[in-house]
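Have a look at the structure below, then the notes.
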Amino acid sequence: MASKTIKFNAGKVEYDEETKRCTPLPHKGVISLKPNADDEDFFDFTWSPKSNGSGNIEKDELLVIPGDVSFKQVTSCKTGRVVALTFLSSGGKNLYWLQDVGDDEELSKLTTKDKSILDKVNELISSSGEEDEQEAKEETEE
């Protein structure tokens, strides 16, 4: 399972409840998602700044339980490629902006690399029975 580690460049995003606006923080960072050392069914999600000269920027160290989180693009953001790590049980949300340069004119459009990252992360964090449950739910709704 050690080969299941994912790393990519991303910065943190601050969300203002009052204005409903996302503001990317200027610090460059790295997100890593790797199997938890104590329980191989869980993952450690870490965001850390790339340089120590970033002031008092704290790391994000989160325990991810597959099936309890979603990792999706924030499509309402039109000025950058913002993704949200959302905890379904608590409603907690962490926002990040993808920092690798895009080759598209549209700032909000995911690059091929971005889509690959989202696919890989979602493959790890989705619970194995989740797809079957979703298919069963869709069949009963029809």
Inset, instruction - Please specify each residue of segment 71-94 satisfying the condition of being under 17 Å from ASP119 (Cα atoms) and in contact (Cβ under 8 Å) with a residue 24 or more places away in the chain. - result: PHE71, LYS72, GLN73, VAL74, THR75, ARG81, VAL82, VAL83, LEU85
Legend entry - Matching entry among LEU110, LEU118 (being open to solvent by less than 30 Å² (accessible area, probe 1.4 Å), assigned to a loop (DSSP other than H, G, I, E, B), among the hydrophobic types (A, V, I, L, M, F, W, C) and more than 20 Å from THR19 (Cβ to Cβ)): LEU110
Legend entry - Candidates THR79, THR112, THR75, THR86, filtered to the one that is modelled with pLDDT of 75 or more, polar (S, T, N, Q) and in contact with a Leu (Cβ under 9 Å, 6 or more places away or on another chain): THR79
Legend entry - Residue satisfying all of: in segment 1-19; of a type in the set (Gly, Ala, Ser) and open to solvent by 70 Å² or more (accessible area, probe 1.4 Å); modelled with the highest pLDDT among these: SER3
Legend entry - Some residue of segment 62-71 being among the aromatic types (Phe, Trp, Tyr) and closer than 20 Å to ASN122 by Cα: yes
Inset, instruction - Go through segment 130-142 and count every residue that is open to solvent by less than 90 Å² (accessible area, probe 1.4 Å) and either modelled with pLDDT of 75 or more or within 21 Å of the chain's Cα centre (by Cα) (or both). - result: 1
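The values are calculated or read from the model by the stated rules, or taken from the named source; none is laboratory data. The structure displayed is predicted, hence computed values, not measured ones. Because the Cβ atoms are built from the backbone with ideal geometry, glycine has one as well, and the counts that use them run over all protein chains shown. These area figures cover heavy atoms from the full protein model, side chains too; ligands, DNA and RNA do not enter into them. Shrake-Rupley method; radii C 1.70, N 1.55, O 1.52, S 1.80 Å.
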